[in-house]
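Reviewing the structure listed below.
The values are calculated or read from the model by the stated rules, or taken from the named source; none is laboratory data. Please read all numbers here as calculations on a predicted model, not as lab measurements. Note that we place each Cβ from the backbone using ideal geometry, even for glycine, and neighbour counts take in every protein chain shown. Side chains included, ligands, DNA and RNA excluded: accessible areas come from the protein's heavy atoms. Shrake-Rupley method; radii C 1.70, N 1.55, O 1.52, S 1.80 Å.
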Amino acid sequence: MADAPDGELDWRETLTDEQYRVLREQGTERPYSGEHVDRDEDGTYSCVGCGTELFSGETKFDAHCGWPSFWDAADEGTVERRPDHSNGMERTEVVCAECGGHLGHVFQDGPEPTGERFCINSVALDFEPDEE
């Protein structure tokens, strides 16, 4: 995929309305509505906005929360964490380090070895299965 668009007009031309709402306006898709919630095959999850590889299917797990969940990012530095005080909650937002697109949130209730649960919107992700 090409590099991230330079301006908001470019983002609107590149992304669907739902992708724009989530990635650029910090929206959230409805739980259990995303195409990657139940996906269990190995592969790579990338940012739909810029193509940066974000998560591996090897770290995906079923957290029964309604969104794809991962216990670690693909590589250090591919996602950024930001304090999120919206909606009267104290959370940690996760964004793509390359394009700044909102991906979801990270919580401290995941499995070992990290104990983290990256709760990510499906609409923010592209998936490429591993070759057999």
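Of note:
- Residue match in the range 37-50 (condition: closer than 19 Å to Glu93 by Cβ, in a helix (DSSP H, G or I), of a type outside the set (Asp, Glu) and at pLDDT 95 or above): no
- Selected residue (criterion: farthest from Asp109 (Cα to Cα)) from residues of the range 51-71 that are surrounded by fewer than 19 Cβ atoms within 10 Å (Cβ to Cβ) and not small (Gly, Ala, Ser): Glu53
- Pairs where the first residue, in the range 110-132, is farther than 19 Å from Arg30 by Cβ and part of a loop (DSSP other than H, G, I, E, B) and the second is polar (S, T, N, Q) and open to solvent by 30 Å² or more (accessible area, probe 1.4 Å), C-beta under 7 Å, 6+ apart: Gly115/Gln108; Glu116/Gln108
- Positions within the range 22-45 being open to solvent by 30 Å² or more (accessible area, probe 1.4 Å) and under 10 Å from Val123 (Cα atoms), in sequence order: Thr28, Ser33, Glu35
- Residue within the range 100-107 that is among the hydrophobic types (A, V, I, L, M, F, W, C) and exposed (fewer than 14 other Cβ atoms within 10 Å of the Cβ) present: no
- The single condition from (1) open to solvent by 60 Å² or more (accessible area, probe 1.4 Å); (2) within 11 Å of the chain's Cα centre (by Cα) that Val48 fails is (1).
- Scanning the range 78-95 for residues that are in contact with a strand residue (DSSP E or B) (Cβ under 6 Å, 6 or more places away or on another chain) and assigned to a loop (DSSP other than H, G, I, E, B) yields a count of 1.
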